[in-house]
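See below for the structure under consideration.
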Amino acid sequence: MLPGLIRDTEALYREYHRIVYAFLLRLSGSPDVAEELLQETFYRAIRSAASYRGDSPPAAWLCAIGRRLYADQVKRWSRERAHRGEASWDLLADPGSGPEAAALNVEMRERIRTVLADLPETHRMALQLRDADGLPYETIAEMLDMTLANVKVTIHRARLRFRAAYTKEE
């Protein structure tokens with residue numbers, strides 16, 4: 001039996017669209033891509049609502065759908081660019097202005113973006129979900145389809161790599 005919130009698609013969207021959008025924006029770095037993926041995420045969630053087992057929070061389930069869609073999109077873009085013979089593109093586009101962006105100066109923001117972009121994707125995602133979004137380890141484990149122990153180790157290693165690269169840049 002589906003939880004009431006999953007059955008009520010309008011309430012599901014109202015409750016979780018901001019969380020899922022923020023997650024997809026951090027992944028893609030593009031508001032347009034995040035919006036497109038957000039729509040597809042909720043479309044897929046509604047279409048496959050019967051597969052929701054309820055053993056993870058709806059936000060984790062939705063973000064996992066969005067993460068898979070983003071990974072598929074990146075693969076498509078990479079294939080298309082390789083087919084055209086173009087160079088690889090920067091996955092961490094300008095996230096736009098917001099409260100955090102306004103607080104950081106342009107030089108520091110660029111250094112952070114550069115260091116984050118050089119981290120392995122799993123490290124970058126885990127680090128951003130924990131440190132930027134403040135999500136609990138358990139939710140990150142669900143979103144990234146990892147064990148709790150693996151998430152903690154990944155975040156620890158990501159912080160070490162980030163710190164080493166960031167101080168090296170100074």
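Residues are listed down the side, and each one gets a yes or a no for (1) without any contact (Cβ under 8 Å) to a residue 40 or more places away in the chain; (2) touching a helix residue (DSSP H, G or I) at 6+ places or on another chain (Cβ under 8 Å):
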| residue | (1), (2) |
| --- | --- |
| 115 | no, yes |
| 125 | no, yes |
| 140 | yes, yes |
| 144 | no, yes |
| 147 | yes, yes |
| 155 | yes, yes |
| 160 | yes, no |
| 164 | yes, no |
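Being assigned to a helix (DSSP H, G or I) and of a type in the set (A, V, I, L, M) is the filter here, so list the residues in the stretch 129-155 that pass it.
First, pick out the residues of the stretch 129-155 that are assigned to a helix (DSSP H, G or I): 129-132, 137-144, 148-155.
Correct list: 129, 132, 140, 141, 143, 144, 148, 149, 151, 153, 155.
Here is a list: 113, 67. Which entry is at pLDDT 75 or above and closer than 23 Å to residue 42 by Cα? Even if it seems obvious, please write down each step before you answer.
Working: 113 fails: closer than 23 Å to residue 42 by Cα.
Only one candidate passes the filter, namely 67.
Taking the stretch 108-143 as the range and being aliphatic (A, V, I, L, M), within 14 Å of the chain's Cα centre (by Cα) and surrounded by fewer than 19 Cβ atoms within 10 Å (Cβ to Cβ) as the test, the residues that pass are 117, 132.
When restricted to residues that are within 14 Å of residue 64 (Cα to Cα) and either among the small types (Gly, Ala, Ser) or buried (at least 21 other Cβ atoms within 10 Å of the Cβ) (or both), the stretch 144-159 contains 0. If we scan the stretch 45-57, do we find a residue that is under 28 Å from residue 115 (Cα atoms), part of a helix (DSSP H, G or I), out of contact with any Leu (no Cβ under 8 Å at 6 or more places or on another chain) and at pLDDT below 85? Looking through the stretch 45-57, none of the residues is under 28 Å from residue 115 (Cα atoms), part of a helix (DSSP H, G or I), out of contact with any Leu (no Cβ under 8 Å at 6 or more places or on another chain) and at pLDDT below 85.
The values are calculated or read from the model by the stated rules, or taken from the named source; none is laboratory data. Just so it is clear, the model here is predicted, and its values are computed rather than measured. Please note: Cβ atoms are built from the backbone with ideal geometry, for glycine as well, and neighbour counts cover all protein chains shown.
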